[in-house]
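Notes for the one structure printed next.
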Amino acid sequence: MAESPDCRSLVSASSQLNLMEIEIDDKEFDIPQVDTPPTLESILNEPEDEDEPFILEDTCLLNTENIDAHSCETSSLASSDSGDLEMNATVHGSVLRRNVLKGISAQIVSAADKVDAGLPTAITVSNVIAVGTSHGLVLVFDQNQALRLCLGTTATGAEYGAVSALSINHDCTRLLCGFAKGQITMWDLANGKLLRTITDAHPPGTAILHVKFTDHPALAVCNDSGGSVFELSFRRVMGMRTCESRCLFSGSKGEVCCVEPLHAGLELKDHPISQYSLLAMASLTKILLIGLKPSLKVWMTFPYGKTDPASVPLLAWQFVAVQKTINPVLAFCRGDTIHFLLVKKDESGTIHVIKQRQLQLNCDLISLSWINPRTLVLMDSTEKLRVVDRPSQEELETVDMAELQLVYNSSHFKSLATGGNVSQALALVGEKTCYQSVCSYAGQIMYLGTKSVHIMTLRNWRERVDHLLKQEKFMEALSLAWSFHEGTAKAVLGLFADPAKRKGVVADKMVEILLQYVDRSLKKCPEQGKIQVMEQHFQDIVPVMVDYCLLLQRTDLLFNQIYPRLVENSVARGVFLESLEPYILSERIGCLTAAVMRDLLSYFQENGMMDSVEGCLVHMDITNLDIQQVVQMCWDNQLYDAMIYVFNSGMNDYISPMEHVVMGNKMLVYISCCLAGRAYPLGDIPEDLVPQVKNQVFEFLIRLHSVEAAQEEEVYPYIRTLLHFDTREFLNVLALTFEDFKNDKQALEYQQRIVDILLKVMVDNSDFTPSQVGCLFTFLARQLAKPDNTLFVNRKLFDQVLEFLCSPDDDSRHTERQQVLLELLQVGGVVQFDEERLLDLAEKAEFYQICEFMYDRKHLYNKIVDCYLKDPLRKEELFNYIHNILSMPGYSSEEKQLVWVKALQHVKDDYLAFQFLKCLLNPSFREGLNPQTVLRLGPDLHELLVDLQCQFSPQQVTAFLKTSQDYRLEEAIQITEKHKLHEATAYLLEKKGDVQGAFEVLLQSDEVQSLLRRVEEALHDIIALCQRSSHGLNQQQREVCVCVSKCSVSPDCFSLSSALKELTMKVLNSMSSFIAPPAIIQRILQDPVYGKGKLAEIQGLILGMLETFNYEQVVCVCVCVCHYICHWSPCSDSIFESHISYLNELLYVILNSYFMCSCGHLYHCQCLQRKEVGVLSERQYSWSCYKCTSNQGSRPADRSSEESSRSRSTSLAQVSRSHFTINMLSEATLDAQQTQAWDHFRTLYRGPSRLAVLTELTHSHGNERPGLSNPVHPGTGSIYHSENFQLKLSPPPLVEE
């Protein structure tokens, strides 16, 4: 049978649900062959095999033990078997239980096939389930999935169209049914009687999209495909049932495609919000919240923002407990963002609508439902259900619903039954609408497919755990159960609210799981193969069991039930015992049973794991062990930590370990712990034993002899041994102990007694090194420096130690003795000495650090300079010290000056002075310093640095002169001249303003002409100097620079290589930008060297220089033409564009677009054409001047014969060779008139003739010097005799006629 448009599914019917583990039996839907066709009533009442009755339940009263045997498997987040326990990993298990209502599904299929009821189109649920069909029928089923009523007929369906919307009132007595052609019917669910047929509630020609009862028994709302919303008021007047309609929202203002009234339920019927009959409406652009009672009022509107126009607007109400108050919350979305609006009424009666935190997803939603106040069930456009916890916004589970073949309501939104007269926007939204295929009631959500009905409910906590156990996912089951135990699980159902009861119930379940886990691990253990495989198997399991037993505080379960079962397997036993070690070390396990402790010690001893034995013993309660056996084992294996712990904890004996254990670092730490009141190796000594333990330890230390002393044993053996082992550490232990002796009189007596013993043992004893003796007196100095000191030490002992350390006759351990004395002074021991005597002894012993310490106390910083100079180990640090004194704050100006003077007195080596001044006066180093902290030094030091730099680093002199400004110019010039540093001297002269002097100095650098590189560098410097200085000089001063030709173009230079000639060309080219060409050539020809007819020798150089100005002349012409056009052109469009990419293009435009008359006037060619001042003859124009013609009053045509008589040539782009050539332009011809105009223009902007210049230069050697105003015209025969000869230099000054 063909599938109708309103029943199509977005997912192919052949697609399979990947995670389903059961399949529906096709035989269940087989219809047997019969001879007599059955009637409609007999088919609809046909009994089905109902393995499970369907019961609508409230989530609060749901029977948690009723588990559907045909529930489908679903995919859950974090449900994979990881193998390792992760307490922070979130495991939710299967949250939803999915059931197929097989009885209802079978009867829907049977009705469609046998009586042409059509495919299902809509569903609603209350105490009954109503399913509408495409042929206008409504099938009503009871809680046992039995068909109770069949409302309507196929004939009515043909008239009204498909059922498009259904709604049941709150007491389940009335059913509203909307149709695709716009009719609405009301049915009595008690007897199946038709009560009302409403045809005029909304405009005709539109389909009913939604029809909803409100909590008010006589009030409903409907929404049609025109986007309008109407209120339906049901009345009964004189036995007649009527319905009044009122428009709540017109589709002309924005099409509404979803409506949702607030249903409070019986338990919340007295809620203060219920009396307003709230209605939420979702248009294509915004959400509207209105109140129907007591009068119509818009409470708020909320726009969606930017969304996909194809996304479906969704609405869902739910009462939620917020801050111990239950209030309704509206969830709405369009696209992938869910918004929440909280509606509440405060004590003053004011209604507040508050926006809550939104939920952002990564999918386009088509269905939105609350399954409880904390959990949302969403369906996306790929027909996947997503269970989301609202408070945490965490996605708990996804379920693929592709096999359902969800029914979509697209045909109703397109209003196909009435001609499809809907907007494109509404039709686009309708592509994915399934409003009538999803309904929720009492914590259950139903989904209508083309051939089946599915129901989703939350699994209770026990069912979720058992679901994982059936899959043998014990770790996930334990993790999920622990989240129930701690109250961190999401979507919880069926647990006590009281935490104690909840934990008790869940703990019992976890014990059951742990025991099952043990049995399963033993059964699944590989019996054959490598031992490593078996060990890995139990290593993955045993820690999990131990962890959860400790979390549940059930060590009895661990040691009395789980361990006995694991002992049966030797590998499991070993893994279990080894796994206990980290828990014991972390003190999570502090007590073991006797059997487990015995097995643990024996196992570790058998496997040579004695370090593990010691680590475990010191963390455990050993009262239930055999002390003698443990001590013997520790002694045999040298487990001293464990033995100390056994003596201390097991027998309260703190002295025996010191008598039996070998002295060492361990003993120092042990003594330190005992004197500080701490247990060794961890924990604290009981407070009542602390004084006793301290006294016992002190009595032990000051014993005159040991217990089994030999005759040759020295007195105080224990203190002597500890001092020899590590003097500094032992004294540190005593120092820490003395900190606690302030108020203990007996302890203070012990303190003085120990100090006397230390002095007696170490002073005048050659067994101790100066360092060890120094440590003792440093320790004493610290104690004596305390304000509350009670110790007494003879001051003569300090003097004796001072003489011992400063003995000049003993050169051994000089550095060590000095360091010991310095440490003694730094801790306050200086008060024990006569400072003058101390300084004298230090100087004799060459203890320069001691001298520095004393001078620093007296602020004699200049004397410290001598200390650094005399100390061979620290001599190189002198400059750093001086720099710190001079640059750091905290020192007075007098102190800095004394240090400076002292430093200069000792700086005798020139190179050393250079390095010192370089670091001190480096400008870059001083830039970051505070100006107030920098010592201001005179120019003489900077000039001294320049002098030294000329000697040791001449290449850096110029750079230093450029960066420093603290020297005097005259003195600096004398220094650089003395060392013949021409570049630096030239820089200083230029800085002074003596350009001529700088020029002459730079010329001196060309003494060795054989070195071309030096010549080139010198010329570059000279050229740069001339170019920098020419802008500030007049013409006469510029000509001074021509003297360079004396060295660069002399006849002797031509005997050198061609490189010199190239350098000469650079000089001439660089001159030309600043000096007029006649002056350059005149200076060259006036040189006496060329008085004997040797002009030809430099002819090539001059011609090469002149040739370089061709481009400049072209630029000059362009500029002049542009200037003339801008100021004298007769038309408004004569101004050129300001930005031209290339000059050649500009010149081309100028020469080809403009025409210059012989009178000097310039025009656009197009302008002349428009003025009709040209005469066309022989395909060429002859132009006449428009301005001159206009002034004379004649027309161009009158003089056409005169103009045509003139010869014609090319355009301005190609001038005769006698003028100039531009290779970049294409060749053309100028007529005679254009040639004459161009010649006139050239005369306006030219100076004296080039020939006149050359002629005057030629005769300059004689007595006659003709001026430029009276040129001599020689005969022909040379290039210089040609009138067209050009000097291609920079343009000369303009000469006006």
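Based on the convex hull around the alpha carbon atoms, the stretch 671-742 presents an average projected area of 5.7 nm².
The candidates LYS992, LYS414, LYS102, arranged from most to least accessible area with a 1.4 Å probe in the full protein assembly, appear as LYS992, LYS414, LYS102. The 1.4 Å probe gives accessible areas that order TRP461, TRP317, largest first, as TRP317, TRP461. A Stokes-Einstein calculation at 4 °C with viscosity 1.567 mPa s, built on the Kirkwood radius of the stretch 795-881 over Cα pairs, returns a diffusion coefficient of 98 µm²/s. Once the Cβ-Cβ distance of VAL353 and ALA735 is raised to the sixth power relative to R0 = 56 Å, the FRET efficiency obtained is 0.20. A straight line joining the Cα centroids of the stretch 204-246 and the stretch 738-808 runs 105 Å.
Multiplying the residue separation of GLN553 and GLN539 by 0.36 nm and removing their Cα-Cα distance gives an extension gain of 2.9 nm. Dividing the radius of gyration of the alpha carbons in the stretch 501-579 by their Kirkwood radius gives 1.00 for Rg/Rh. Between THR197 and ASN560, the FRET efficiency estimated from the beta carbon spacing at R0 = 60 angstrom works out to 0.20. Label separation (GLU606 vs ASN884): 6.7 nm, computed from points 7 Å beyond Cα along the C-beta direction. The length gained by stretching the chain between THR382 and GLN996 to full extension, at 0.36 nm per residue less their Cα-Cα distance, is 212.0 nm.
Heavy atoms of the protein chains alone define the surface here; on that basis the stretch 792-923 has 55 Å² accessible area per residue at 1.4 Å probe size. Cα gyration tensor of the stretch 157-228, axes a ≥ b ≥ c as square roots of the eigenvalues: rounded (a/c below 1.5), prolate (a/b > b/c) or oblate? Oblate is the answer for the stretch 157-228, as a/c is 1.5 or above yet b/c matches or exceeds a/b. The Cα atoms of the stretch 389-514 define a convex hull whose projected area, averaged across directions, is 10.9 nm².
Surface composition of the stretch 578-689: carbon plus sulfur atoms contribute 47% of the solvent-accessible area (1.4 Å probe, protein chains only, all chains present). Karplus-derived 3J(HN,Hα) values for the stretch 695-710, using 6.51 cos²θ - 1.76 cosθ + 1.60 with θ = phi - 60°, are 5, 4, 5, 5, 4, 5, 5, 8, 4, 6, 9, 6, 5, 10, 7, 8 Hz; glycine and proline are entered as x. Measuring against 32 Å, Cα to Cα, the residue pairs LYS269/LYS355; LYS760/LYS786; LYS253/LYS490; LYS473/LYS503; LYS114/LYS193; LYS760/LYS863 contain LYS253/LYS490; LYS760/LYS863 as the ones spanning a longer distance. Sequence-ordered 3J(HN,Hα) estimates for the stretch 480-486 from the Karplus curve with 6.51, -1.76 and 1.60 and θ = phi - 60° stand at 5, 4, 5, 5, 5, 4, 8 Hz, glycine and proline given as x.
By a 1.4 Å probe calculation restricted to protein chains, ASP498 has an accessible surface near 70 Å², given to the nearest 10. Extension gain for the segment GLU486 to SER706, taken as residue separation times 0.36 nm less the Cα-Cα distance, is 73.2 nm to one decimal.
Legend: distances between Cα atoms for LYS858/LYS918; LYS694/LYS745; LYS297/LYS345; LYS181/LYS414; LYS918/LYS978; pairs beyond 19 Å are LYS858/LYS918; LYS918/LYS978. The fraction of accessible area contributed by carbon and sulfur in the stretch 112-245 is 49 percent, rounded to a whole number (1.4 Å probe; ligands and nucleic acids excluded).
Database remark: amide H of GLU394 closer than 5 angstrom to the amide H of ASP389 (H placed geometrically; neighbours at sequence offset of 5 or more, or on other chains; Pro and chain starts carry no H).
Placing unit charges on the Cβ atoms only, positive for Lys and Arg and negative for Asp and Glu, gives the stretch 108-256 a dipole magnitude near 280 debye about its Cα centre. Going 7 Å from the Cα of LEU266 along its beta-carbon direction, which residues of the stretch 418-450 have the amide nitrogen within less than 14 Å of the resulting point? Output list for this probe position: 442. Quantify, in whole percent, the carbon and sulfur part of the accessible surface of the stretch 374-430 (1.4 Å probe; protein heavy atoms only). In the stretch 374-430, the share of accessible area belonging to carbon and sulfur is 47 percent. Set the Förster distance to 60 Å, then compute FRET efficiency between ALA155 and CYS525 from the Cβ-Cβ distance, nearest 0.05. Working from the Cβ atoms, E equals 0.25.
Under a 5 Å amide H cut-off, with hydrogens placed 1.01 Å from N, LEU458 pairs with ARG97 among residues at least 5 apart or on other chains. Averaged per residue, the stretch 497-640 has 50 square angstrom of accessible surface, using a 1.4 angstrom probe with ligands and nucleic acids left out.
The values are calculated or read from the model by the stated rules, or taken from the named source; none is laboratory data. Owing to the predicted nature of the structure, the values given are computational and were not obtained by experimental measurement. Note that we place each Cβ from the backbone using ideal geometry, even for glycine, and neighbour counts take in every protein chain shown. Accessible surface areas use protein heavy atoms only, side chains included; no ligands, DNA or RNA. Shrake-Rupley method; radii C 1.70, N 1.55, O 1.52, S 1.80 Å.
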